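Q: Below are the structure tokens for one structure; questions will follow.
None of the figures in this text is laboratory data; all of them are computed from the coordinates on show. Nothing here was measured: the structure is a model prediction, and the numbers come from that model. Glycine gets a Cβ as well: all are built from the backbone with ideal geometry, and neighbour counts include every protein chain shown.
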Amino acid sequence: MVTLNDVARVANVSASTVSHVINKTRRVNPETERVVRAAIESTGYAGDGIARSLRKGRTDTLGLAMSAISNPYFGEVVHAIERSATAEDYSLLLAETHDDPERELRAVRDLLSHRVDGVIMAPSNDPGAALALIERRGIPVVLIDRVPVEDRPHTDAIGVSNREPVAQLVTHLVEHGHTRIAMLAPQPGVATTEERVEGFLTGLRRNGIDPQPGLLELGCHNSDALEGALSRVLGLDDPPTALVLGNNQVTIGAMADLHLRGLVPPAGIATVSFDDFPWADSFHPRITTMSQPTDDLGVGAVSLLLDRLADSSLAPRQRRLDPEFVVRESCGCVR
């Protein structure tokens, strides 16, 4: 096993100089630091991370609790968080929550067992137990994407504006002549779902349209639920001529189902979506979306967490970013 003294011998410096370079505890001449880092690389020295973390009082590791595997949107956010954390010399540990409160609690326990310095978390529809555990441990936390302002005004959070952008999507469909507009929304109880539904209803009322029974379907978070919701909506005596799709997973499933039914947008039924995704521009037709700023979300979450780690007395901050309205053809616009 390579030791710190081995690195010092290769670099022809003292062991204390190697320690200062690794732990950044004292300024070292740039040329000396270059030689030491070259010696670390050539010897393969990994150091004793546990002992070092005990001395420093931190591990330089951030935890991320999120349903990244099951949601491609979160996958993009994870990449942004990882890049931002690495740029600040932090490692990132990811724990998959599957948007399930019990798995979420288990994921948070796993992260805390690794002594992470702070946690970034995309909360489920019932995150109380997980958040209570984090707070009992005195670990800083930043909520991402789902910003429950009313329930947790004391918690740092960053997310995207949902209500007004969805209302804008509704108005765009009305401008194309649609008055029978339905919405297929994902998992109920999640802050983003609730806000997007509120935006849908606001958009209808703003355009003089009373919300009609049967035109709002919640819980379209898996293929069976989505297929059933779409069948009910399209089976109405007076079916909708346009759909608002609540997130990227709903959009991908709905577009596939519509094609199987021969209802190719916009001629079969106009569609707009909240959430962009890499291949939205490759669908036929290309999908009109509200595109979320995934990079800014990830970078902003890391920034909020590191600020909190540096100064625990900061007032709570909850940031909202604006999505970009990307007009394509699925709504009826001409390419």
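Q: From VAL264, VAL299, VAL250, VAL272, which residue is buried (at least 24 other Cβ atoms within 10 Å of the Cβ), outside any strand (DSSP E or B) and either of a type in the set (A, V, I, L, M) or touching a residue at least 40 places away in the same chain (Cβ under 8 Å) (or both)?
A: Every option except VAL250 fails the conditions.
Q: May I pose another question? Looking only at region 198-235, count every residue that is without any contact (Cβ under 8 Å) to a residue 24 or more places away in the chain, under 25 Å from the mean Cα position of the chain (by Cα) and closer than 28 Å to VAL147 by Cβ and tell me the total.
A: Going through region 198-235 one residue at a time, the tally reaches 3.
Q: I'd like to verify a number: residues in region 311-328 that are outside any strand (DSSP E or B) and basic (Lys, Arg), how many?
A: Total satisfying the criteria: 2.
Q: Just checking, does region 121-132 include any residue being within 29 Å of GLU88 (Cβ to Cβ) and surrounded by fewer than 17 Cβ atoms within 10 Å (Cβ to Cβ)?
A: Scanning region 121-132 turns up at least one residue that is within 29 Å of GLU88 (Cβ to Cβ) and surrounded by fewer than 17 Cβ atoms within 10 Å (Cβ to Cβ).
Q: So which of ALA182, ALA167 ends up being in contact with a helix residue (DSSP H, G or I) (Cβ under 7 Å, 6 or more places away or on another chain), crowded, with 20+ Cβ neighbours inside 10 Å and part of a helix (DSSP H, G or I)?
A: ALA167
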